[in-house]
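The values are calculated or read from the model by the stated rules, or taken from the named source; none is laboratory data. Quantities reported herein were computed from a predicted structural model and do not represent experimental measurements. All Cβ positions, even for glycine, are placed from backbone atoms using ideal geometry, and neighbour counts span all protein chains on display.
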Amino acid sequence: MKLKTNYAIALGLTAILFIFYACRHELLNDLPANGNTGGNPPPTSTCSPDTAYFANDIMPIISSNCTMSGCHDNITHADGVNLTTYNNIIRYVRPGNAAESKLYKVIIKTNNDRMPPPPMPPLTAAQKALIQKWINQGAKNNNCIGQCDTAIFTYSGAVKPIMDNKCVGCHNPSNLGGNIDLSTYSAVRTSALNGKLYGSVAQQPGYSPMPKNGVKLPDCEIRQIQKWIAAGSLNN
């Protein structure tokens with residue numbers, strides 16, 4: 001009886017080990033082509049002007065223009081597409097080849113099949129170029145520090161790029177989140193003067209924290225917006 005019991009235990013352990021290694025093999029085969037797991041970004045590096053960074057450049061564009069409610073967020077995942085994480089986004093990318101990447105192909109279309117879909121405004125030429133650059137550089141799950149400089153706080157040099165990449169997708173005439181438009185200088189200035197712009201991005205009490213359902217803006221970018229407002233919210 002004891003020999004039978006030991007044999008059964010050994011057989012059970014063997015089966016468990018087989019299942020464990022089989023699962024590991026499947027997970028390894030499921031990794032993105034560039035080898036990133038898509039979990040936490042790798043150690044932060046110093047920003048290079050020649051490199052496109054997922055966390056700093058690409059995710060904010062996609063969050064603002066693609067993952068609002070009703071589109072490709074966690075709840076709606078329109079057409080079965082969820083673009084809220086690196087792991088999900090990389091499914092529609094061929095690292096090193098933007099021309100053959102679904103993500104890039106849909107944003108450069110000019111008909112009703114483009115993304116974001118009409119009447120939403122299309123991505124800007126600069127945003128399309130940045131996504132193309134990121135894919136062609138390997139579509140890495142990377143991030144960096146040192147890209148932001150609080151000494152720069154003009155509208156064109158700091159505030160507008162922040163609005164375009166992180167806010168306009170949810171705050172434009174076709175999608176007035178919170179009944180707020182941030183797609184033009186005059187509209188941004190209105191929100192700056194009434195206190196809503198800074199209150200929301202700084203996530204102060206009494207204001208709706210922005211970006212909605214996204215990570216808080218870096219302190220440096222919040223400081224740029226604050227300094228622009230304090231300097232008179234000029235169209236400079």
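As an exercise: evaluate ALA98 against (1) touching a residue at least 12 places away in the same chain (Cβ under 8 Å); (2) not assigned by TED's automatic domain parsing to the domain that holds THR67 and give the number of the one condition it does not meet. Unmet for ALA98, out of (1) touching a residue at least 12 places away in the same chain (Cβ under 8 Å); (2) not assigned by TED's automatic domain parsing to the domain that holds THR67: (2). Within segment 122-137, the set of residues being surrounded by fewer than 16 Cβ atoms within 10 Å (Cβ to Cβ) and part of a loop (DSSP other than H, G, I, E, B) comprises THR124 only. Taken as a whole, segment 112-127 holds at least one residue that is closer than 22 Å to ILE58 by Cβ, more than 19 Å from the chain's Cα centre (by Cα) and without any contact (Cβ under 8 Å) to a residue 24 or more places away in the chain. Restricting VAL188, VAL159, VAL201, VAL168 to those that are within 21 Å of HIS72 (Cβ to Cβ) and either of a type in the set (Val, Ile, Thr) or surrounded by fewer than 19 Cβ atoms within 10 Å (Cβ to Cβ) (or both) reduces the list to VAL168. In the condition set (1) in contact with a helix residue (DSSP H, G or I) (Cβ under 7 Å, 6 or more places away or on another chain); (2) within 30 Å of SER101 (Cβ to Cβ), GLY138 is compliant with all but (1). Restricting segment 138-155 to residues that are hydrophobic (A, V, I, L, M, F, W, C) and part of a loop (DSSP other than H, G, I, E, B) leaves a set whose member that is nearest to the chain's Cα centre (by Cα) is ALA139.
Residues satisfying the criterion are absent from segment 169-183 (criterion: under 12 Å from LEU217 (Cβ atoms), aliphatic (A, V, I, L, M) and in contact with a strand residue (DSSP E or B) (Cβ under 9 Å, 6 or more places away or on another chain)). One residue stands out in segment 101-111 among those that are of a type outside the set (Val, Ile, Thr) and either in contact (Cβ under 8 Å) with a residue 40 or more places away in the chain or part of a helix (DSSP H, G or I) (or both): the one that is surrounded by the fewest Cβ atoms within 10 Å (Cβ to Cβ), namely LYS102.
With respect to the conditions (1) touching a Cys at 6+ places or on another chain (Cβ under 8 Å); (2) over 19 Å from ALA52 (Cα atoms), GLN147 falls short on a single one, namely (2). Residues that are assigned to a loop (DSSP other than H, G, I, E, B) and modelled with pLDDT under 95 within segment 208-236 comprise SER208, PRO209, MET210, PRO211, LYS212, ASN213, GLY214, VAL215, LYS216, LEU217, PRO218, listed in sequence order.
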